[in-house]
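Below is one structure, written out as structure tokens; comments come after it.
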Amino acid sequence: MTTPSIVWFRQDLRLADQPALAAAAHDGPVVGVYVLDDDAPGAWKIGGAQRWWLHHSLTALAADLKKQGVPLILRRGDAVAEIAKLAKEVGAETVHAVHHYEPWWKTAEDALGKALTLKLHGGMLLDDPDSIRTGSGGRYRMFTAFWKALRERMPPPEPIAAPRNLSGPSGKIASDDLADWKLLPTTPDWSPGFADWKPGEAGAHAALKAFVPKVGAYDIARNLPSEEGTSRLSPHLHHGEVSPAAVWHAVAKGKGDTEPYLREVGWRDFTSNVIDILPGYADANGRNAYDAMPWREGKDADADFKAWTEGRTGYPLVDAGMRQLWTHGWMHNRVRMVAASFMIKHLLLDWRRGEAWYWDCLIDADYGNNSVNWQWVAGTGIDSNPFGRIMAPLTQSPKFEAADYIRTWVPELAGLSDGAIHDPEEAGCRPDDYPEKIIGHREARERALQAVKKVT
Ligand code: FAD
């Protein structure tokens, strides 16, 4: 019997259009492995909400592989050491994996490549950002130019179907029990609000199918938090339950202008491009001048941060977003921007505090997407909104028709009219159980502009 090869699964938890799995299947028997490697040096530990997702996604992947006789072996610890150990146990020499761009994964890939034959494949992005070069051979640092160059290389190759010729090795291989990883919350179980999500490859394809008829309306609908105008594919894409190429081809067949949506998917490639060239981007300002920014610190700042996380700022759109995030593990993009801007500029808190909070609460928490978007909003990034462009939550709210969204997530305000709900304090009808504004908009704006003058 031929020796098996190992497929190292990470954020590529699918069978279809999974080049590492396809290549391994071509070679002979396959052993799948997922290593929970929380202590990898420099790794951002998987956040609370994402652990919930991971549990269900691994359950689905294991079931799908099992149908084809392939085991999904679970191990916990140093990924390189665990995979080397597993290879010895099963007599494998080759490991196939989809290449990932998080700095700790790149380090692990380098180390594993020294210990075993590691064959890395694409599949995480539309294209490898390293091959998208400026005229002078450099890397892009601005989205617009990056997208133009990437767009010219599109479409991506047609997605390949899940292999039908899979087989596993004979004999039993030791594996952790997923339940022992305790990825699901118990005391308390804060996950009932996640019930609508369907982690796993089947859920990803169902979400994609449901979205395609809506793609023509996306350009306008994507900004309206009261509507379901976006695809909600982000947790599926982050965990690799569907490939971006499969999304591209499905959406491109939709009716109307599909370009605005494809461009957003292109943002995902761009953020991986950024962390590929600046691996510490989640921790360090893209523009050094901001290292001296006088962010607020201390007791009052901590209290304001807490109020923000709990959705008690007195700004209904911000509070609705923060409560959606806590309850549902996801937040509408327009509101992610407004809430992030509010924390950074109205509260004058270091963007990294909010970044870490989103990371822990988002089911789609993604090293590249989260850091690049936080730095974009903060104005600290290499391609950013200027700091001085301060979003006005009280204006954004009626502009993007957020009344019903607020009613859903801030029940204290559910009885208010469309006219009053965006700023109940100003309308003179703030219910007693809804907080006063934590700071006035003009005062906050002035404070932020004074602060940034010190560094720019
Ligand atoms: P759609 O509008 O349907 O977009 C389709 C896909 O394109 C998304 O699933 C996502 O993969 C990609 N995409 C869309 N917008 C962006 C963007 N601005 N940047 C990168 N990719 C994008 N997205 C994450 O996946 N993980 C994060 O951790 C994350 N953190 C964010 C933090 C802040 C402060 C902000 C402003 C945005 C963040 N985003 C993040 C981007 C964006 O908000 C989400 O990708 C989007 O809301 C997901 O919903 P959707 O799948 O319905 O998106």
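Bear in mind that the values in this text are calculations on the coordinates, not laboratory data. Bear in mind the structure is a predicted one, so any value in this text is a computation, not a measurement. Cβ sites come from the backbone with ideal geometry, for glycine too, and all protein chains shown count toward neighbours.
A few points about this structure:
- Report summary: the helix-based calculation at 222 nm, which adds -39500 (n - 2.57) for every DSSP H run with n ≥ 4 and divides by the residues of the chain, gives -13000 deg cm²/dmol.
- Neighbourhood charge, 10 Å Cβ-Cβ cut-off, centred on Lys437 and excluding it, Lys, Arg +1 and Asp, Glu -1: -4
- Relative to the dominant Cα principal axis of the chain, helix 79-90 is inclined by about 20°.
- Cα-based helix-to-principal-axis angle, 103-115 vs the chain, degrees rounded to 10: 10 degrees
- Phi angles of the stretch 382-393 translate, via the Karplus equation with coefficients 6.51, -1.76, 1.60 and θ = phi - 60°, into HN-Hα couplings of 6, 10, 9, 5, x, 3, x, 7, 9, 5, 9, x Hz per residue; Gly and Pro are given as x.
- For the stretch 6-77, the gyration tensor built on C-alpha atoms gives a prolate shape. Its axis ratio a/c (a ≥ b ≥ c) is at least 1.5, and a/b is the larger of a/b and b/c.
- Helix 143-153 and the long axis of the chain differ in direction by around 40°, with both axes built from C-alpha atoms.
- Residues in the stretch 42-58 carry Karplus couplings, in order, of x, 6, 7, 4, 4, x, x, 5, 6, 5, 4, 4, 4, 3, 6, 5, 5 Hz; the curve used is 6.51 cos²θ - 1.76 cosθ + 1.60 with θ = phi - 60°, and Gly or Pro positions show x.
- Along each principal axis, Cα extent of the stretch 261-367, largest first, Å: 37, 34, 19
- Pairs of alpha carbons in the stretch 352-397 whose separation is greater than 15 Å (percent): 50 percent
- Rough spin-label spacing in nm, given labels placed 7 Å along Cα→Cβ, for Lys148 and Lys453: 3.7 nm
- Subtracting the Cα-Cα distance of His249 and Ala202 from their residue separation scaled by 0.36 nm leaves 15.2 nm.
- Within the shell of other residues whose beta carbon sits under 10 angstrom from the beta carbon of Gly381, the net charge comes to +1, with Lys and Arg scored +1 and Asp and Glu -1.
- With the simple spin-label model, which puts each label point 7 Å out from Cα in the Cβ direction, the Ser175 to Asp130 separation comes to 3.1 nm.
- Rotationally averaged projected area of the stretch 313-456 (alpha carbon convex hull; nm²): 8.3 nm²
- Across the cross-link table entries Lys306/Lys437; Lys45/Lys454; Lys119/Lys198; Lys106/Lys214; Lys106/Lys172, which are compared at the Cα atoms, the separations over 26 Å belong to Lys45/Lys454; Lys119/Lys198; Lys106/Lys214; Lys106/Lys172.
- Potential extension, Lys209-Asp189 segment - 0.36 nm per residue separation minus Cα distance: 4.1 nm
- Percent RCO, i.e. relative contact order, over the chain, from Cα pairs under 8 Å lying at least 6 residues apart: 18 percent
- Taking trypsin sites (Lys or Arg not before Pro) across the stretch 397-454, the ones in a DSSP loop with at most 15 further Cβ atoms lying within 10 angstrom of their Cβ are Lys454.
- Its residues counted as N, the stretch 143-275 yields a C-alpha radius of gyration over 2.2 N^0.38 Å of 1.30.
- Highest mean first, the peptides 145-152, 21-28 sorted by other C-beta atoms within 10 Å per residue fall in the order 21-28, 145-152.
- For the chain, the mean projected area of the C-alpha convex hull, equal to one quarter of the hull surface, is 22.7 nm².
- Amide H contacts of Thr94 (H built 1.01 Å from N, in plane; Pro and chain starts excluded): Ile6 sit under 5 Å, all sequence-distant by 5 or more or on other chains.
- Spin-label model distance (nm) - Glu264 vs Asn288, 7 Å beyond Cα toward Cβ: 3.7 nm
- Under the Karplus curve 6.51 cos²θ - 1.76 cosθ + 1.60, θ = phi - 60°, whole-Hz ³J(HN,Hα) for the stretch 213-226, x wherever Gly or Pro sits: x, 9, 4, x, 8, 4, 4, 8, 5, 5, 8, 9, x, 6
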